[in-house]
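Below: the structure, in structure tokens.
No lab work stands behind these numbers, since they all come straight from the coordinates. As the structure is a prediction and not an experimental result, all values here were calculated from the model. Neighbour counts are summed over all protein chains in view; Cβ atoms, including those assigned to glycine, are modelled from backbone coordinates with ideal geometry.
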Amino acid sequence: MLVGAGIVNLITAYYLTEAGYSITIYDASPDPRESQHWSRYGCTRGGGDARMFTLTEADNYNDKDFTGIAHFNNLFGSKVSESGWVICDINNISIPEQTWIHEYEAVPPWLANVYNDDILSFNHESHPLWEDLIENASELFQGVELREGIVRLYSDEAHYRQSIERHRKIQSLRRAFMPEELTEIYPALADACANGVVAGAMEVVGFTLNVHKFIAKLLARLEKVGVQCFWNQSITKIIRNHHGVVIGLESSNHTITADNYVISPGVYGSGFLRGTQTENKIQGVLGGWMLIPNLAPKLEHSLKIARKGHITEDANVTVATDSKGEEILIFGSGYGYTGLDPSNILPDDLEAMYCGIEDSIKRYFPAAYEAAKQSGLLEASRRYCVRPWTSTSLGVFEAIESTSDGKLIVTGGHNTGGFTQSPAIAKAVLAALRGELHPMHHLYHPNRFASFYSQVPRRQIIETPVAQ
């Protein structure tokens, strides 16, 4: 039994069916192939129709270069409208939310670098798995706007130079350009270069696709091999015996049992996960979405934009088509901490995020911005999704004993990288069910940081090494 039908659990379902498991899926939202309002869905279907694979997705967001105490790990110290990450009422948050923020603030730079390397290792594991899927399950990738290769744009020259070395080190860099070279190869970016928001650019390993179309094909494939899906079915509780062994799951009106359970609820499982080690570890960080037309000269490769110091400094721009087949670009950007309640959103700060996204659209694609503004598309396409995040940016992998020698497995908290890492997550789930080891079982253990923090003297956490 799988709880949650986001992209992580759907890819897990694919791998499990290929391994011979019989699967039933429960999800609290409507069938994602239905055109219901985006707010009724979770992160995968509720967000924009765009996902990206790169070798740097799911980055650790703690400070990794420590040069001064004043701005150390302070993303959650101010609101989105003040260029911070808080979009909820920070003065009225719960103790678990305060603990989450404290844990984020307590991660020293050297440890953040360790965590980052561990996270990126799963991106590298997923890369050949995605390539295998694209080659051997090619029907899933037809008509989903699969685009190979990512172009990264940088507004700050020092950041650009630093990033070149980083991407070379992780074997992601294909080639780098200065703005004058970029406009020759990518004429769609000529306005951005003329507006002075491109100090440098590079091509890196990666791909994008339209995820709503992709999951529709994936669900059809799963149903074809016998997977049953139950929509609008909330799971409310994990039922255990007096030894702590899982004996079933409780829905709104009955108990459901299976040999094994895989739970990936995004940010919507805080109550359901009560009593697990994952409880309160996964909290929400909101991101916004907007659409513009892909005008001539058309953009052919999806982008990552880095605007150092901007209110929405990181953005993905995905080449896509809409429901009518029109060519569009999907902007996804922004970070807004909502805590345990994904609806805990201050309207003024959400508006500030949307305005930040609009500013980037205007600077990088001015003609498309004006067209989208005049047609009403810019305003009408506004939406957001709340991504499952942890205070360390490490994902979560928890395994609990269930009856019949089975397991209940919790996965999640992959921040911006659930899509990228989903094949590696599926492999880790499959290994756990078979009684085999996978590095994710240890590296994504929900208490990894708490165990470290309780065993290391406070002196060693505070007195962090200064970057050379």
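Listing for the model above:
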| quantity | calculated |
| --- | --- |
| Net charge of Cβ neighbours under 15 Å - reference E351; Lys, Arg +1; Asp, Glu -1 | -3 |
| Likely footprinting exposure, T276, T257, T236, fewest C-beta neighbours within 10 Å first | T236, T257, T276 |
| Per residue convex hull volume, Cα atoms of the chain, in Å³ | 147 |
| Potential extension, E370-N241 segment - 0.36 nm per residue separation minus Cα distance | 40.3 nm |
| Whole-number percent relative contact order across segment 243-373, with pairs defined as alpha carbons under 8 Å at least 6 apart | 24 |
| Given charges at Cβ of Lys, Arg, Asp, Glu: the chain dipole, positive-most of Y154, T44, S333 | T44 |
| At most 13 other Cβ within 10 Å, DSSP loop - GluC sites (Glu not before Pro), segment 1-98 | E34 |
| Positive minus negative residues near T44 (Lys, Arg vs Asp, Glu; Cβ under 15 Å) | +3 |
| For segment 228-302, size of Cβ-based charge dipole, Lys and Arg +1, Asp and Glu -1, in debye | 140 |
| Inter-probe distance in nm under a simple model that places probes 7 Å from Cα toward Cβ, at A137 and S121 | 2.5 |
| DSSP bridge orientation in the chain - percent antiparallel, rounded to nearest 5 | 75 |
| Subset of K169/K308; K64/K427; K217/K362; K217/K427; K237/K281 violating a 25 Å alpha-carbon distance limit | K64/K427; K217/K362 |
| Residue order, fewest to most surrounding Cβ atoms within 10 angstrom, among E250, E148 | E148, E250 |
| CD proxy at 222 nm, helix term only [per DSSP H run n ≥ 4: -39500 (n - 2.57); per residue of the chain; nearest 500] | -10500 deg cm²/dmol |
| Charge dipole magnitude, Cβ of K and R +1, D and E -1 - the chain, Cα centre, debye nearest 20 | 460 |
| Per-peptide average of other Cβ atoms within 10 Å, ordering 432-445, 347-360 highest first | 347-360, 432-445 |
| Label zone at Q162, where the point sits 7 Å out along the Cα-to-Cβ direction: segment 69-107 residues whose backbone N lies under 16 Å | 69-75 |
| Sites matching trypsin sites (Lys or Arg not before Pro) across segment 224-294 that sit in DSSP coil, with at most 13 neighbouring C-beta atoms within 10 Å | R274 |
| Exposure proxy ranking, count of Cβ atoms within 10 Å, fewest first, for W389, W100, W130, W231 | W231, W130, W100, W389 |
| Rg/Rh (Cα only; Kirkwood hydrodynamic radius) as it applies to segment 359-415 | 1.39 |
| Relative contact order of the chain, defined on C-alpha pairs under 8 angstrom at six or more residues apart (%) | 26 |
